[in-house]
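Step one of this worksheet: look at the structure below.
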Amino acid sequence: MVLKNNRSPKKENRQEEPRKGQDPKDYYFLREVIKEKPLDKKKLAVRAGGIAAGAVLFGVVAAFVFAKTEPLFREKETSLRVSIPEEEPTATPTPEATQSPTPEPETSADKALELDDFQNMFDRVMDVAEEPEKSLVSVQGFTSGEEWLAGGGSQEAISGLLAADNGKEYFILTEYRVVADVDRILVTFQDGSTVDANFQKQDPSTGLAVLKIAKEDVDNETKDQIEVAELGSSYSVSRGTPVLALGSPAGYGDSVAWGMVTSVTNTKATVDAEYHLLTTDIMGDSQGSGILVNLDGEIVGIIAQSFAIEDNKNVVTALPISELRDLIEKLSNNEDLIYLGVTGQDIGSELSEKTGIPKGVYVNAVSEDSPAMEAGIQNGDVIVRIGSSEISTLKQLKSALDNCEPGRRVEVAAMRKGAEGYVEIVFDVTPGAL
């Protein structure tokens with residue numbers, strides 16, 4: 001059967017019959033051939049011309065844009081390099097504001113505000129100093145009445161502190177060096193009035209002494225202007241605590257300085273005791289004296305330049321008031337100061353493990369003709385017990401001695417190094433009294 005095509009019988013679309021001998025499987029049912037469009041040369045020329053014109057126009061525009069933007073790109077590239085402009089010499093800084101990020105110069109109003117702030121701060125410092133200064137006095141010793149009348153006497157006056165009042169007498173804490181071996185002691189109060197004082201008692205270990213003044217010798221106007229010192233707590237003082245130095249910190253009287261505590265951990269051993277040192281950044285003098293007060297006006301230290309490290313005497317050093325309270329009370333009451341006569345250092349657990357020295361108070365020195373020397377205690381001994389009190393620190397040693405009675409024998413146990421190591425030796429010691 002023959003299938004006819006409905007389309008016009010064109011040559012290219014006509015169905016072909018299989019030729020003779022051709023396999024019917026090779027017969028294509030329908031084959032369509034797409035004839036290419038004839039090339040229109042006129043349109044091709046027009047299109048080519050348009051492309052060429054567009055290329056020319058693009059080149060012109062690109063050149064124009066590059067010419068306009070190239071300086072900007074160059075400026076941007078240059079800005080990546082940091083350039084520090086040379087400083088132009090000027091007689092005085094210009095006060096005009098610029099567009100640079102530098103801060104605007106201060107105006108006179110700003111400077112006045114800052115000066116007012118400083119003035120207010122110093123006024124506040126003086127307000128804090130006002131109350132404790134009412135407890136400060138000046139102490140001077142004279143060798144004879146004739147020298148006093150002639151303007152002679154001691155070469156210096158140092159600060160003293162009105163530390164106590166028993167109702168009949170005032171008690172002045174000061175340094176013994178200015179009243180040692182003198183015939184007359186004069187105390188000058190803040191209002192300028194002077195009165196005679198009598199020596200009460202001194203402590204050789206700290207160099208402190210207490211004087212007493214009969215209250216009836218002080219006129220009422222002066223009494224209204226003075227106050228017994230308010231003693232604070234030095235245990236609250238730490239590195240960085242702001243303090244004021246009042247009295248004679250720089251060696252001359254009626255002065256005020258302020259700064260901060262720079263160290264509280266340094267210690268200095270004395271006979272039968274040890275004291276912490278309050279070191280400050282306040283400029284001082286080797287002969288300075290006075291007190292340290294906190295910002296509440298409470299006394300936290302007694303200036304003691306004799307305790308300062310040798311290379312550090314140009315700054316104020318003080319003894320903590322909390323470690324002096326008992327001593328001030330004993331001196332004011334003229335009580336005995338129990339005396340053993342050893343200078344030592346603490347041997348704690350860590351140091352004991354490193355050195356092999358037993359825990360206790362290691363004796364560095366024994367005072368000549370002291371109860372300790374008479375009993376046979378030597379340098380290198382380690383005191384571990386006084387009476388029934390175990391001893392591992394100088395503070396405990398001092399406390400145990402305070403509980404002893406002068407002239408009454410007490411056992412002192414110490415470890416002494418021998419050929420076979422440390423052995424305990426018990427000494428019979430009769431504590432003395434100062």
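Just so it is clear, none of the values below were taken in a lab; they were calculated from the coordinates. These numbers come from a predicted model, not from an experiment. Don't worry about glycine lacking a Cβ; one is built from the backbone with ideal geometry, like all the others, and counts go over all protein chains shown.
Relative to the present Cα-Cα distance, how much length would full extension add between ASN379 and ASP402 at 0.36 nm per residue of separation?
Working: separation 23, 0.36 × 23 = 8.28 nm, distance 2.26 nm.
Net length gain for the segment: 6.0 nm.
Label points 7 Å out from Cα along the Cβ direction at GLU411 and ASP127: separation in nm?
A separation of 6.2 nm, rounded to one decimal place.
Mind giving me the nanometre distance, one decimal, between the label points for SER238 and ASP369, set 7 Å out from Cα along Cα→Cβ?
Between SER238 and ASP369, the simple spin-label model gives 4.8 nm.
In region 375-424, what GluC sites (Glu not before Pro) fall in a loop by DSSP, with at most 14 other Cβ atoms inside 10 Å? Walk me through the numbers on the way to the answer.
Working: sites: GLU390, GLU411, GLU420, GLU424; in loops: GLU420.
Those satisfying the criteria are GLU420.
Let me make sure I get this right: for region 292-359, a, b and c are the square roots of the gyration tensor eigenvalues over alpha carbons, sorted descending. Under 1.5 in a/c it's rounded, otherwise prolate if a/b > b/c, else oblate. Which is it? Don't skip to the answer; put the middle values down first.
On the way: a/c = 2.13, a/b = 1.40, b/c = 1.53.
It is oblate, given that a/c is not under 1.5 and a/b is not larger than b/c.
Pop the C-beta distance of SER144 and VAL228 into the FRET formula with R0 = 30 Å and round what comes out to the nearest 0.05. Write out the running numbers ahead of the final one.
Numbers: r = 32 Å, r/R0 = 1.06.
With R0 = 30 Å, the Cβ-Cβ based efficiency is 0.40.
Lys pairs in region 132-225, Cα-Cα under 12 Å, at least 8 apart or on separate chains: how many? The partial results should precede the final answer.
Values: LYS134/LYS223; LYS168/LYS212; LYS168/LYS215; LYS201/LYS212; LYS215/LYS223.
Within region 132-225, the lysine pair count is 5.
Explain nothing, just compute: Karplus ³J(HN,Hα) = 6.51 cos²θ - 1.76 cosθ + 1.60, θ = phi - 60°, for every residue of region 396-413 in order, whole Hz, x for Gly and Pro.
5, 4, 5, 5, 5, 5, 4, 8, 8, 9, x, x, 9, 5, 9, 7, 10, 9
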